[in-house]
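> Take a look at the following structure, please.
The values are calculated or read from the model by the stated rules, or taken from the named source; none is laboratory data. Owing to the predicted nature of the structure, the values given are computational and were not obtained by experimental measurement. Cβ placement follows ideal geometry from the backbone for every residue including glycine, while neighbour counts extend to all protein chains displayed. For accessibility, only protein heavy atoms count, side chains too; no ligands or nucleic acids. Shrake-Rupley method; radii C 1.70, N 1.55, O 1.52, S 1.80 Å.
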Amino acid sequence: MPVAFAFERLIKRDGLRIADGVLAAVLAHGTALATDLWVTSSAPGPIQDALSHTTPSGVGMTDPVHGYLAPVIAYCTAVGMARRPGWRVALWCVLLLDAFAVLVGGYTTPFSIALTVLIGWTVAYGTVYAVGSPNVRPTGQNLLAGLRRVGFAPLTARRVEDPGPESADSDRGRAYLVTLEDGPPLDVTVVDREQQAQGFFYRAWRRLSLVGGITQRRSLLSLRQALEQEALLAYAAIAAGANAPKLIATSELGPDAVMLVYEHIGGRRLDALADEELTDTLLRECWTQVRALQSRRIAHRGLVGESLLVDRGGRVFLTHLRSGEIASGDIVLRMDVAQLLTTLALQVGPERAVASAVAVLGPDAVAASLPLLQPIALSRATRGRLKELARARAQRERDAVLAASAAEKEIREREHKRAHETHKAAQDTGTSVWAEPKAMSKAERKAEDKAEKRAIEDALDEVREEDLLSRIRQQVLLIRPQAPVEPVRLERIKPRTLVTVIAGAIAAYYLLSQLTSVPIGDAILNADWRWAVIAVVGSAASYVAAACALAGFVPERLSLVRTVLAQVAGSFVKLVAPAAVGGVALNTRYLQKAGVRPGLAVASVGASQLVSLGSHVVLLMTFGFITGTEKTPSLSPSRTVMAGLLTAGVLVLVVTAVPALRKFVSTRVRALFAGVVPRMLDVLQRPAKLLTGIGGTLMLTVCFVVCLDGCVRAFGGHLSYAAIAVVFLAGNALGSAAPTPGGVGAVELALTGGLIAAGLPKEVATPAVLFFRLLTFWLPVLPGWLSFTHLTRKGQL
């Protein structure tokens, strides 16, 4: 493969690419040899086990890195073979077959394959970055020569300014205005391979994450395919009766660029027009062009301001057609309507945008686009503008609230000053201080409170601006009240889902490897089930402790039975949501159904979480200190504990010293615990409630530690209570941070690793952790579902 591609490049006089590839291959080979030497001589045992094992013949060890595969990958990447679809497919077929052969034959490991690919890519990109890559952009002379080859006599070619940030969605090429010796000027678009590759990862992610059929063109087209795609759309648009630039010639500009020649239109982009130029007639003209396309089922797929060109006569032309498609489905055509509605609403407002669309397309066609009126269906630049509007609106609302608070403070200061003056006047005249002035003060206060509320409402009315998409929906619903508004599900996979799947796969791989290396059956047969009963009791008692921990931070009276059932229901919710999210959402919902106002319910759960976080940190430090000192005659902690504390201290200093990090942390902490402090003050007025909350939080940890200790002892292990507590607290923290539901995988790995590090054999730690997770996570799922169903049916959840 490399030799064949080298011949192809040499025939086209592109020897510099071959030189770059050879250099990258040499460096990759050296890096692979150095890595092999390090792994076999001085790498830690787990790394050696992951990258190498005994050969199938039983003599020697396999190579940690493939000495020939890494150079081939580096060579092919550096010479740009991956940017040519035909060569790319052949290359990856060969590489995958080779990797599959050596993997199945037992001559390598999965991690070795991954490391080999990473070394090849890293060395290749580093080489290209260091020595530079050939400039594939055609020069002005190339452009003029290409125009002469297709029969034109050009005089000058002037680069037209970049269209702006919205072009990031479709890598549209560079535009030139060419003057001819005889005849009108021409508009020329030049596309090269560099632009073809621009935005590749974004387009690939869109194709993976969105439902099939609504994404734009394939992630990477060849230059020939891009040329044919744009030519086809240009001819199809004109045939449909739409105004589009007339394509009159196409040509290649060397091996890495093509050009498309259009008749010159002139005019300005729609988003560059002044507000007074955006007349209703012009808006209807935009929709007329879209109607012409949709009559032939042609989708534009990029109806943003720069794609609509207005000439001197007021005609609207559709440009940048390369991202479109023919024979489109209904969803894609409705997406075009939703996109243009949003584009026009950003310039003239939702009322005029909807009115112009209804006047041309009719109310039914506009109403049919409502389910597609969601950010994921819009262009990348439009989503950015909507986010900017949302941030500006939020800032204005904050400013209004601050202004209202300042007005309230000023009113109260005037009240205090008036009361002081009244009191002094009463003392000077010898009258009763609280006789007549008190009645007058209450009347004035009522009037001033009313004026203050009116001022706050007026200030908020000035800045209260609903989301632009919601305002468009409202305008359409005024015309068609029965129009469907439920959004169409367009996302096939979300980033969080992808992370969850990857984390779950890694955790399952490690968990299964642990299970295969430990005789679980023998451990179960020899287990002491008396300690298992204690573990079961500890697991059951944790739900009562959790109920007390929540009820203690709610001043209102809660039913203990229903609160315990809500915590049992949380066992079912944790199966379908991350551990740190499901419980918080369920408790908040439960408090709202129990009669607590939404804001106070969120504050109560936040107060409970805050105290839980504080107790978790304090207990972890306390038991960590005890664990570090229990094997020494003095009270000095172990070096590991000191290193951990010093590391935490350094991180705190770094966060507080860097303004950006300090603002980032403070903003999120403030948002997380907003309203918690007033709620804590309400709880502090009831010592019994506070004692219940703090006691429940501590007992929750104690119950889980008792359960884990019982599981360890049931399988013949023994550790100090402090060591068990440290392992549980650390594993629970990692499980809360893991994106998998209930921390599946992360908790098992953390607890098993912690118990082994504390001195427990692997044959005891693995079944103990699995039994602990069975009691605290898997077995309560069915009772949790029953509790969830019961509380939901009773209207208590």
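> Find all pairs meeting these conditions: Cβ atoms under 8 angstrom apart; at least six residues apart or on different chains; first residue within region 21-38 and farther than 22 Å from SER52 by Cα; second residue of a type in the set (A, V, I, L, M, F, W, C) and not in a helix (DSSP H, G or I).
Listed by first residue and then by second, the contacts come to GLY21/VAL79.
> Sticking with this structure for a sec: Scan region 324-343 residue by residue and report those that are part of a helix (DSSP H, G or I) and surrounded by fewer than 20 Cβ atoms within 10 Å (Cβ to Cβ). It would help to see each step written out before you state the result.
Filtering region 324-343 for residues part of a helix (DSSP H, G or I) gives 330-343.
Matches in region 324-343: ASP330, ILE331.
> If you take the residues of region 555-578 that are modelled with pLDDT of 85 or more and β-branched (Val, Ile, Thr), which of them is most open to solvent (accessible area, probe 1.4 Å)?
VAL561
> Limited to region 223-248, what total is found for residues that are touching a helix residue (DSSP H, G or I) at 6+ places or on another chain (Cβ under 8 Å) and at pLDDT 90 or above?
9
> Moving on. Test LEU303 against the criterion of being open to solvent by less than 10 Å² (accessible area, probe 1.4 Å), modelled with pLDDT of 90 or more and either assigned to a strand (DSSP E or B) or in contact with a Leu (Cβ under 6 Å, 6 or more places away or on another chain) (or both), and give yes or no.
yes
> Checking GLY58 against (1) without any contact (Cβ under 8 Å) to a residue 12 or more places away in the chain; (2) not in a loop (DSSP other than H, G, I, E, B), only one condition comes out false. Which one?
Result: GLY58 passes all but (2).
> Which is within 24 Å of VAL191 (Cα to Cα), modelled with pLDDT under 95 and open to solvent by 10 Å² or more (accessible area, probe 1.4 Å), of LEU321, LEU273, LEU346?
Answer to the selection: LEU321.
> Take GLY753 and tell me if it is open to solvent by 10 Å² or more (accessible area, probe 1.4 Å), out of contact with any strand residue (DSSP E or B) (no Cβ under 8 Å at 6 or more places or on another chain) and in a loop (DSSP other than H, G, I, E, B).
Here the answer is no, as GLY753 does not meet what is asked.
> Please work out if HIS29 is surrounded by 15 or more Cβ atoms within 10 Å (Cβ to Cβ), assigned to a loop (DSSP other than H, G, I, E, B) and not small (Gly, Ala, Ser). Working first, answer last.
Values: surrounded by 15 or more Cβ atoms within 10 Å (Cβ to Cβ): yes; assigned to a loop (DSSP other than H, G, I, E, B): no; not small (Gly, Ala, Ser): yes.
When the stated conditions are applied, HIS29 does not pass them.
> Which one of these does VAL744 not meet: (1) part of a loop (DSSP other than H, G, I, E, B); (2) in contact with a helix residue (DSSP H, G or I) (Cβ under 6 Å, 6 or more places away or on another chain); (3) open to solvent by 10 Å² or more (accessible area, probe 1.4 Å)?
(2) is the only condition that VAL744 fails.
> May I ask you to list the residues in region 548-561 that are more than 9 Å from GLY693 (Cα to Cα) and part of a helix (DSSP H, G or I)?
If the condition is that a residue be more than 9 Å from GLY693 (Cα to Cα) and part of a helix (DSSP H, G or I), then LEU560, VAL561 are the ones that fit.
> When residues of region 172-191 are filtered for being farther than 12 Å from VAL261 by Cβ, of a type in the set (D, E, K, R) and not in a loop (DSSP other than H, G, I, E, B), how many remain?
1
> Could I ask something else about it? Is region 187-204 home to any residue that is modelled with pLDDT of 90 or more, surrounded by fewer than 17 Cβ atoms within 10 Å (Cβ to Cβ) and not acidic (Asp, Glu)?
no
> Also: Out of ASP63, ASP49, I need the residue that is in contact (Cβ under 8 Å) with a residue 12 or more places away in the chain and either over 30 Å from GLU8 (Cβ atoms) or open to solvent by 40 Å² or more (accessible area, probe 1.4 Å) (or both). Which one?
ASP63
> Looking only at residues that are touching a Ser or Thr at 6+ places or on another chain (Cβ under 6 Å) and modelled with pLDDT under 60 in region 507-543, which one is farthest from ARG713 (Cα to Cα)?
It comes out as GLN514.
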